[in-house]
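The values are calculated or read from the model by the stated rules, or taken from the named source; none is laboratory data. Small disclaimer: the values here were computed from a predicted structure and weren't measured. Neighbour counts run over all protein chains shown; Cβ positions are idealised from the backbone, glycine included. In case anyone asks, the SASA skips ligands and DNA or RNA and just uses the protein heavy atoms, side chains included. Shrake-Rupley method; radii C 1.70, N 1.55, O 1.52, S 1.80 Å.
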Amino acid sequence: MKIQLALDTIRLDELVSKVTPLIEYVDILEVGTPLMMLEGMEPVRILKRHFPDKEILCDTKIMDAGAMEARHALDAGADYITVMGVTDNSTIQACVDTAKLYKKKVVADMLCADLKKRIPIIENLDVDYLGVHTGVDQQKNGRTPLEDLVEIKNLTKKSKIAVAGGINTDNLQAYLVYSPEILIVGGGIMACKNPLQAAKTIYTLINKNKYEN
């Protein structure tokens, strides 16, 4: 199981200094959509340059112009891009085809998607990961990704699973039960008073779960 650190509200000039103390406890560094909207592809380039041994995900949330938008992120150094599972199949296919040319990966973000309907179709398009995602606005209404994670685990045939949406040290164990391949944590580390301690705790719990299972 990989730990993905979502970087959403961080300032560009703090990016390296904030990430450096946490780097040994995470596997994937995510340039979150809010950060990408403010700074474009520069955070991808910075993270790739300073942390070349770590994978970089750019949360592009592509809805159209799949090949072109995928190339923007992949040329900047992203190892993963995201495409929305609710978009047209041709856009998802364009993202997959482009990523394959770069030997990189595609995550289909299943936010607001009809899971039973879309998962069989999207898997046939050969995405690498299905992203279980409960948005910030949904979380404000009390929704969590756990129910969708259970459903996706039951529906998927071959795709690996990434899960995001309010995961922290307090609720982590509930997600570990279902063994997603990527566990995405943003505010659960970055918004803590002690981000380093939170990262260490999550890393320790995940590795303990790995050895026990």
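Numbers at a glance
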{"quantity": "Of all residues making up the range 164-178, the number that are open to solvent by 80 Å² or more (accessible area, probe 1.4 Å) and in contact with a Gly (Cβ under 9 Å, 6 or more places away or on another chain)", "calculated": "1"}
{"quantity": "Count - residues of the range 158-213 that are out of contact with any helix residue (DSSP H, G or I) (no Cβ under 6 Å at 6 or more places or on another chain) and polar (S, T, N, Q)", "calculated": "9"}
{"quantity": "Options Asp137, Asp148: the member that is open to solvent by less than 30 Å² (accessible area, probe 1.4 Å), outside any loop (DSSP other than H, G, I, E, B) and among the acidic types (Asp, Glu)", "calculated": "Asp148"}
{"quantity": "Options Val26, Val44, Val16; residue that is more than 23 Å from Tyr203 (Cβ to Cβ), at pLDDT 95 or above and aliphatic (A, V, I, L, M)", "calculated": "Val44"}
{"quantity": "Pair list, Cβ < 6 Å and 6+ apart or interchain, from the range 108-125 residues that are charged (D, E, K, R) to residues that are modelled with pLDDT of 95 or more and part of a helix (DSSP H, G or I)", "calculated": "none"}
{"quantity": "Number of the condition not met by Gln197 [criteria: (1) touching a residue at least 24 places away in the same chain (Cβ under 8 Å); (2) assigned to a helix (DSSP H, G or I); (3) not aromatic (Phe, Trp, Tyr)]", "calculated": "(1)"}
{"quantity": "Answer from Ile206, Ile161, Ile122 - the residue that is open to solvent by less than 10 Å² (accessible area, probe 1.4 Å), part of a helix (DSSP H, G or I) and within 21 Å of Val83 (Cα to Cα)", "calculated": "Ile122"}
{"quantity": "Top-ranked residue of the range 105-119 - restricted to ones that are in a loop (DSSP other than H, G, I, E, B) and open to solvent by 70 Å² or more (accessible area, probe 1.4 Å), ranked as nearest to Glu39 (Cα to Cα)", "calculated": "Cys112"}
{"quantity": "Candidate set from the range 125-134 (those that are under 14 Å from the mean Cα position of the chain (by Cα) and part of a loop (DSSP other than H, G, I, E, B)); member that is surrounded by the most Cβ atoms within 10 Å (Cβ to Cβ)", "calculated": "Val127"}
{"quantity": "Strands (runs of 3 or more DSSP E) lying entirely in the range 1-93 (those with 1 or more residues that are surrounded by 18 or more Cβ atoms within 10 Å (Cβ to Cβ), in contact with a strand residue (DSSP E or B) (Cβ under 7 Å, 6 or more places away or on another chain) and charged (D, E, K, R))", "calculated": "28-31, 55-62"}
{"quantity": "Contacts under 8 angstrom Cβ, first residue in the range 37-59 being within 11 Å of His72 (Cα to Cα), partner open to solvent by less than 70 Å² (accessible area, probe 1.4 Å) and β-branched (Val, Ile, Thr), 6 or more apart", "calculated": "Val44/Val31; Val44/Ile56; Cys58/Val31; Cys58/Val44; Cys58/Ile81; Cys58/Thr82"}
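Residue by residue, here is whether (1) among the small types (Gly, Ala, Ser); (2) under 14 Å from the mean Cα position of the chain (by Cα); (3) on the phi < 0 side of the Ramachandran plot holds:
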{"residue": "Ala6", "(1), (2), (3)": "yes, yes, yes"}
{"residue": "Asp13", "(1), (2), (3)": "no, no, yes"}
{"residue": "Thr20", "(1), (2), (3)": "no, no, yes"}
{"residue": "Ile28", "(1), (2), (3)": "no, yes, yes"}
{"residue": "Met41", "(1), (2), (3)": "no, no, yes"}
{"residue": "Ile46", "(1), (2), (3)": "no, no, yes"}
{"residue": "Arg49", "(1), (2), (3)": "no, no, yes"}
